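Where a number appears in this text, it was derived from the coordinates with a stated rule and is not lab data. Everything numeric here is computed off the predicted structure, so don't read it as measured data. A quick note on method: Cβ atoms are made from the backbone with ideal geometry, for glycine too, and the neighbour counts reach across all protein chains shown.
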Amino acid sequence: MKKSVFALVLLASVAACSAPAETVEGGDAMAAAVVETGLIADLGGDPAGPTYTKTKGETLAVSGFDVVSYFTGDGVPVEGSQDFTVRYQGFDYRFASEENAQTFIADPAKYAPAYGGYCAWAIGANDALAPGDPNVYKIVDGTLYLNYSEGVAERWNKDIPGFIASADTNYPTHSADEHYQD
């Protein structure tokens, strides 16, 4: 009798686990969340340092701009769509197209901005976190760098190699959970 009950419970468990998500009342919550947010991939990974978002705890990187768009076409950045979202190191990157999302998936480190999207000059010159403006940028040796403003970018342009060298040393000293404070 015990073997029969065990077999029935086992069969019921296998059947429940292999049933399509649509048959579960209310649907699969995780699948629904993925469809709702447009998350097409979660690449995992832990941040190497802080990543700039408008508010602490938010996960939208680069203010929703498509980081691949900086490197393609005429190099003018465009805003991404919620429909093409890829999570990388715990942050959500949006893309203007499926093609750009797939390009990012193939090599996210190539396209994600340096210093987590924080201002390259502030990290290099002052070892400080300041927001990076997605419209104030420069690609140097295949890496995307953002700056706080046009005025700050002018200062950064005066010694880009020096500021990059300093920022490369300074940025890793900041904790991944650190966030810019006004």
Next item on the list: Mind checking the full-extension length gain between Ser149 and Gln102? Use 0.36 nm per residue of separation minus the Cα-Cα distance, one decimal, nm.
Entry: 13.9 nm
Notebook entry, point to check: What number comes out for the charge environment of Ser63, summing +1 per Lys or Arg and -1 per Asp or Glu over other residues with Cβ under 14 Å away?
Noted result: -3
Check: Each residue of the range 163-172 in turn: what ³J(HN,Hα) in whole Hz from Karplus with 6.51, -1.76, 1.60 and θ = phi - 60°, glycine and Pro shown as x?
Finding: 5, 5, 4, 5, 5, 4, 7, 6, 4, x
Item checked: Most to least packed among 63-76, 162-175 [average Cβ atoms within 10 Å] -> 63-76, 162-175
Check: What length, rounded to one decimal in nm, is gained on full extension from Thr169 through to Asn135, with 0.36 nm per residue of separation minus their alpha-carbon distance?
Finding: 9.7 nm
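Hey, what's the per residue convex hull volume over the C-alpha atoms of the range 26-108, in cubic angstrom?
Values: hull volume 8.6 nm³, N = 83.
Convex hull of Cα atoms, per residue: 104 Å³.
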Check: Full extension from Glu58 to Ile40: what is 0.36 nm times the residue separation minus their Cα-Cα distance, to one decimal in nm?
Finding: 4.6 nm
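What is the dipole size for the range 26-108, taken about its Cα centre, with +1 at each Lys and Arg Cβ and -1 at each Asp and Glu Cβ, in debye to the nearest 20?
Working: 4 positive and 13 negative charges, 64 e Å.
Charge dipole of the range 26-108: 300 debye, to the nearest 20.
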Notebook entry, point to check: Which of rounded, prolate, oblate describes the range 113-174, given a ≥ b ≥ c as roots of the alpha-carbon gyration tensor eigenvalues and a/c under 1.5 marking rounded, otherwise prolate only if a/b is larger than b/c?
Noted result: rounded
